[in-house]
Amino acid sequence: MRSFRWQPFNGFILAAALLVSLTLFVSGTYAYMISRDDRVNEFTVGEDDIGITEVFEPPTELTPGTAFTKQPIVYNSGNVPAFVRVRIAFSDGAAEDILEAFDYDLINWEAHGGYYYYKHAVQPGASTTALFNEVQVATTRPSNGAALGDEDMLDFDIFVYAESRRQPDPNETKLYPLHEEYRHIWESGW
């Protein structure tokens, strides 16, 4: 039997083989750890954002029978079509008693439950028609028919409050007629 003798040359070969193996192992592990493959999915969120603008010409003096221009319009500054509803409120409840009529646009708007619903989706950058064009001060009290005088006139504000809901994706299946879409949006809590 031959005996194995350690020679310095054999140690060099063994050290070189270990160094090459270690280098390959470290570089392979490093390459595996830094190797990446990314997929970026970008989503944009539809935003229904509205504002109110109006043409308002206050009377110089508020007297019975006076009419003045007030045209509240809702505009869509969002990036999706939206349905709009508006509520009218007064700073003083007595103001409702002295106002005889609002010239409501009931062709494009529908009154229901204290709100006025715009019947069409408002496209981004577009506006509704004016909810009304003119406000008329009464000449008699609606409650008892008594004539109103200058002493019955009072300072008041008319508040216009608007809400919106985005229009659903037009590719969705609709179970309601298109001309009633605005009703469905508000009733369903969309």
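For the stretch 60-125, run through the GluC sites (Glu not before Pro) and keep only the ones in DSSP coil with at most 13 other Cβ atoms within 10 Å of their Cβ.
Glu61
Taking a point 7 angstrom from the Cα of Thr140 along the C-beta vector, which residues in the stretch 42-70 have backbone N less than 14 Å away?
65
Since every read-out is calculated from the coordinates, none of them should be taken as a lab result. Just so you know, these numbers come straight off a predicted model, no measurement behind them. Every residue, glycine among them, receives a Cβ derived from its backbone with ideal geometry; neighbour counts consider all protein chains shown.
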